[in-house]
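The values are calculated or read from the model by the stated rules, or taken from the named source; none is laboratory data. In this text the structure is predicted, and so the values were computed from the model without any measurement. All Cβ positions, glycine included, derive from the backbone under ideal geometry; neighbour counts span all protein chains shown.
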Amino acid sequence: MIGEWIRFGLCAVFMLAGLFIVVVSLIGLYRFDFALNRIHAAAMSDTLSLLLFTVGILIAVGFHAVAWKLVLVVLLQWLTSPLSSHMLSMFEYRADFNLENHVDMSDAEYHTEEAAEQ
Amino acid sequence: MELTVQQCYHYLFWGVLTVLALCVIAVLVYILRSRLTVDRIIGINLIGTLVVIIICALGYVLDEEYLADIAVIYVVMSFIAVMVLCKIYIGLYDRRRKEKKHDR
């Protein structure tokens, strides 16, 4: 019986930690000034909070067939989330015309077609 | 009245699901308030992740195993949506920049 309560406590700790990360990333989303910072804040909730929530649910589920699917969810999200963050920052790089004013781009390579022509 | 473990799981999961739903509403408000297109796509990406978490938790609460499969599909679909939107807008901005260069 006490083992069940310990398992519930572990599950609650992981779920509440994941919730904390989600709320922190939302605060970052609202408060940061530049879009690149906001991408960072959103990507934190993409990876870390999904892992914490999934570990919490895995503890609650136990050894079951669903556990492997939840591991697959985390694996796929960890593979795809850096790619989408990268695409978002590439888009921000093209959309923001005065990016040089607040980012140090002294050693940045220019990946636009304009630079390819030169 | 003694509180059983099952009831505690029930309260924990429904409480977490409620807060996550409020977070999704907060992200929607963020999308509506923001001016930049980048911010809107960031919001779409974040809502995709939050919905995946909600689906996983619901799969445990409602005891429906197939919801985990739907979560897998949703991860890939949200990735494709963000990727396609970014590709479209990157092409648009590149073309706009090229036209501006021709005008000069």
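Okay, here's what the table says:
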| read-out | value |
| --- | --- |
| The lone exception for A:Leu36 - which of (1) within 19 Å of B:Ile80 (Cβ to Cβ); (2) in contact with a Ser or Thr (Cβ under 7 Å, 6 or more places away or on another chain); (3) of a type in the set (A, V, I, L, M) it fails | (1) |
| Some residue of the stretch B:16-34 being in contact with a Ser or Thr (Cβ under 8 Å, 6 or more places away or on another chain), under 18 Å from A:Ala60 (Cβ atoms) and within 10 Å of another protein chain (Cβ to nearest Cβ) | no |
| Verdict on B:Leu46 being within 19 Å of A:Ala35 (Cα to Cα), surrounded by fewer than 16 Cβ atoms within 10 Å (Cβ to Cβ) and within 16 Å of the chain's Cα centre (by Cα) | no |
| Scope the stretch A:30-49; condition assigned to a helix (DSSP H, G or I), over 8 Å from the mean Cα position of the chain (by Cα) and closer than 20 Å to A:Met90 by Cα; matching residues | A:Ala35, A:Leu36, A:Asn37, A:Arg38, A:Ile39 |
| First in the stretch A:64-85 and over 17 Å from A:Leu52 (Cα atoms) and more than 7 Å from chain B (Cβ to nearest Cβ), second anywhere and among the small types (Gly, Ala, Ser) and surrounded by 13 or more Cβ atoms within 10 Å (Cβ to Cβ), Cβ under 6 Å, 6 or more apart | A:Ser85/A:Ala43 |
| Test: residue in the stretch B:44-59 that is touching a residue at least 40 places away in the same chain (Cβ under 8 Å), of a type in the set (Gly, Ala, Ser) and part of a helix (DSSP H, G or I) | yes |
| A:Phe97, sole failed condition from (1) of a type outside the set (A, V, I, L, M); (2) surrounded by fewer than 14 Cβ atoms within 10 Å (Cβ to Cβ); (3) assigned to a helix (DSSP H, G or I); (4) modelled with pLDDT under 90 | (3) |
| Flag if A:Leu26 is modelled with pLDDT of 90 or more and part of a helix (DSSP H, G or I) | yes |
| Hey, B:Cys56 over 25 Å from A:Leu52 (Cα atoms), within 7 Å of chain A (Cβ to nearest Cβ) and buried (at least 20 other Cβ atoms within 10 Å of the Cβ) or not | no |
